[in-house]
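Down below is the structure, laid out as structure tokens.
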Amino acid sequence: MPKWNPERRLLDHEHTKFWQHRLQDVDEPNLMKEIFPYDDVPLVDFDHKYVMPMPPKEIWITDTTFRDGQQARPPYTVDQIVTLFDFLHKLGGPNGVIRQSEFFLYTQKDKKAVEKCLERGYRYPEITGWIRAKAEDLKLVREMGLKETGILTSCSDYHIFLKLKKDRRQALNDYLAIVKAALEEGIIPRCHFEDVTRADIYGFVIPFAIELMKLREDSGIDIKIRLCDTLGVGVPYPGAALPRSVPKLIRALIEEAGVPSELLEWHGHNDFYKAVINATTAWLYGCAAVNTTLLGYGERTGNTPLEAMIFEYISLRGTHNGVDTTVITDVAEYYRRELGDKIPANQPFVGSEFNATKAGIHIDGILKNEEIYNAFDTKKLLKRPIGIIITDKSGTAGIAYWINTHFGLEGEKQIDKKHPGVAKIYKQIIKQFEAGRITPISNEEMMHLVRKYIPELFVSELERMKEKASKLLVELVEKLAERPEIRSLDPEKIVPVLREVIEEHPYIQFVYVVNQEGKRITPLVTHIEDKARYEHLLKDEDYSDRPWFIEPFKTGKVYVTDFYSSKVTGALCLTVAAPIRNKYEEVVGVLGMDIRFEDLLKMEDEEENE
């Protein structure tokens, strides 16, 4: 019997058993060569039937940076994943605009990353898993204590027949079996309908979704469906036909299969430049969630960029709903600075030139009123003042402005137009234009000039590595200095602990404890095979004039020296020194470690590769 729809104010057709679509098992795969001719561009055909937009009551974003996004770049380290996860939490805000983040669960590094992110205790984004449709993979989800996991359930005959070597009935039964197993564990299954935009929608996709909704009703546990536009062939055009029509695909799942909007998610790729518009279209036609990655990283041409959908969300909803858009710039800077990524200069929101203008007439307009050539206040929303591209008309003030905006220099750190380096850069630019140049100076050229004439703005690779290593060493030496054996200043108690540390951390050249008079109260504890090398250093010595001794007493903090070459081995070394405190928290000694820097870096690289 038709049911009254109070929102549409019409009777909705009810699918009885006589109307419901059933699995159409076929002997040969339907590869739809009429619209996917492999020797030509995929064709867009139209059935000239129109469906109306019907957005869900609530829409949100999900993230797959650490799953799909990680398949297109060098794997992130655990620390990098945790940092990016923190960014996602802050960017999406307390109301869950970024609702979930998806993780691999297979390697020890994957599991450690999940554990570290779970320790954050964030409500949003919720951590979910991703597995193949195999029972042994489901154990990984249970072991990690996750409430939800994605399950790969390929839908097109390309995948069912050609990859899995099954028929539709076999594939359907196998998928339903793993879903049932997840439900028995109390885990929310999220079925990833891979390659859905090349699938037989009414012969497989809708019947599969109907079976999932039956299991949902029987179990009382939600079953989600992620619609995966695996090759980016989906289209948003009104009147386009299935399976490529995003509007018709979304409405078919809702109206023909009875899938609630809040259980539908869109996952798109950018092979045909439609990742963003297809994701937005999915929202408009009833899909509650769109799946994204930071900066759009993903296989081939990438996934839907998360930062793009943040702006789409705000523009469609008319509210930020707790979103902090300025974090987008923090994310981009982290990728550049810490991960060494080269983000295309013209990439929206994150590229170095996205809000910069080159044409002289545009620069003139910007100087009069920046709203003429800037669509929104980029300084307020992205912490990025509007940029200019340097020409011979920019002057030293323009050059200084360029430097300060590109390097994010504020207050006392800003470069003044009278800086000697600015004058030298200006001179070089004028020479080029006097020699006949007519094009603006590119950002890359400006970076080269700034590196040459104001080198102090650039952190060397060696300094960057030192900063990274220092974080690890400071944490290590702080924990060690807190141990009761060390705080006792009793050599008999201290030395066994130092020997344990040496064994556990082979990059330590030697470790020792010095009292408040600057006298070493322990030997230089080193590796047995190195003891003869440092025998001449085992004599008594007064260290009270050494910076590594003075600074911990002066500041009460860990001190890390500059690089130096070992007098014995010639190796590049660092000394790390931590204050030792008594029961009154007075500094009464110093714990010192001499570190072989190259060995430390090798160890870190090996751990990251694992």
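The values are calculated or read from the model by the stated rules, or taken from the named source; none is laboratory data. Values in this document were obtained by computation on a predicted structure and should not be read as measured data. Here the Cβ positions follow ideal geometry from the backbone for every residue, glycine too, while neighbour counts run over all protein chains shown. Side chains are part of the model used for accessible areas, which takes the heavy atoms of the whole protein and leaves out ligands, DNA and RNA. Shrake-Rupley method; radii C 1.70, N 1.55, O 1.52, S 1.80 Å.
Output the residue which, of all residues in segment 129-151 that are among the small types (Gly, Ala, Ser) and out of contact with any helix residue (DSSP H, G or I) (no Cβ under 7 Å at 6 or more places or on another chain), is farthest from Ile225 (Cα to Cα).
First, the residues of segment 129-151 that are among the small types (Gly, Ala, Ser): 129, 133, 135, 145, 150.
The next check asks that each one be out of contact with any helix residue (DSSP H, G or I) (no Cβ under 7 Å at 6 or more places or on another chain); those that pass are 145, 150.
On the way: Gly145: 21, Gly150: 9 Å.
This residue is Gly145.
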Can you tell me how many residues in segment 180-236 are at positive phi and out of contact with any Ser or Thr (no Cβ under 8 Å at 6 or more places or on another chain)? 2
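Is it fair to say Val51 is among the aliphatic types (A, V, I, L, M), more than 30 Å from Glu338 (Cβ to Cβ), in contact with a strand residue (DSSP E or B) (Cβ under 6 Å, 6 or more places away or on another chain) and in a loop (DSSP other than H, G, I, E, B)?
Numbers: among the aliphatic types (A, V, I, L, M): yes; more than 30 Å from Glu338 (Cβ to Cβ): yes; in contact with a strand residue (DSSP E or B) (Cβ under 6 Å, 6 or more places away or on another chain): no; in a loop (DSSP other than H, G, I, E, B): yes.
Against the criterion (among the aliphatic types (A, V, I, L, M), more than 30 Å from Glu338 (Cβ to Cβ), in contact with a strand residue (DSSP E or B) (Cβ under 6 Å, 6 or more places away or on another chain) and in a loop (DSSP other than H, G, I, E, B)), Val51 does not qualify.
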Name the single residue, out of those in segment 306-349 being within 18 Å of the chain's Cα centre (by Cα) and on the phi > 0 side of the Ramachandran plot, that is most open to solvent (accessible area, probe 1.4 Å). Gly340
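Can you name every one of the helices (runs of 4 or more DSSP H) wholly within segment 296-410 that holds 2 or more residues which are of a type in the set (Val, Ile, Thr) and farther than 30 Å from Asn270 by Cβ?
Fully inside segment 296-410 and qualifying: 360-368, 395-406.
Return the only residue of Arg99, Arg120 being open to solvent by 10 Å² or more (accessible area, probe 1.4 Å), in contact with a helix residue (DSSP H, G or I) (Cβ under 9 Å, 6 or more places away or on another chain), under 23 Å from Leu263 (Cβ atoms) and of a type in the set (D, E, K, R). Walk me through it before giving the result.
Details: Arg120 fails: under 23 Å from Leu263 (Cβ atoms).
After ruling out the rest, the residue left standing is Arg99.
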Does segment 261-269 include one or more residues that are among the small types (Gly, Ala, Ser), surrounded by 24 or more Cβ atoms within 10 Å (Cβ to Cβ) and free of Cβ contacts under 8 Å to residues at least 60 places away in the same chain? yes
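State whether the residues of segment 562-582 include one that is without any contact (Cβ under 8 Å) to a residue 24 or more places away in the chain and not in a loop (DSSP other than H, G, I, E, B). So that I can check it myself, show each step before the final result.
The first filter runs over segment 562-582 and keeps only residues without any contact (Cβ under 8 Å) to a residue 24 or more places away in the chain, leaving 562, 564-565, 567, 570.
Right, trim to not in a loop (DSSP other than H, G, I, E, B) and you get 564-565.
Yes, segment 562-582 contains at least one residue that is without any contact (Cβ under 8 Å) to a residue 24 or more places away in the chain and not in a loop (DSSP other than H, G, I, E, B).
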What number of residues within segment 37-95 are touching a Gly at 6+ places or on another chain (Cβ under 9 Å) and open to solvent by 60 Å² or more (accessible area, probe 1.4 Å)? 9
Qualifying residues in segment 102-117 (those that are outside any helix (DSSP H, G or I) and open to solvent by less than 40 Å² (accessible area, probe 1.4 Å)) - the one nearest to Glu312 (Cα to Cα): Glu102
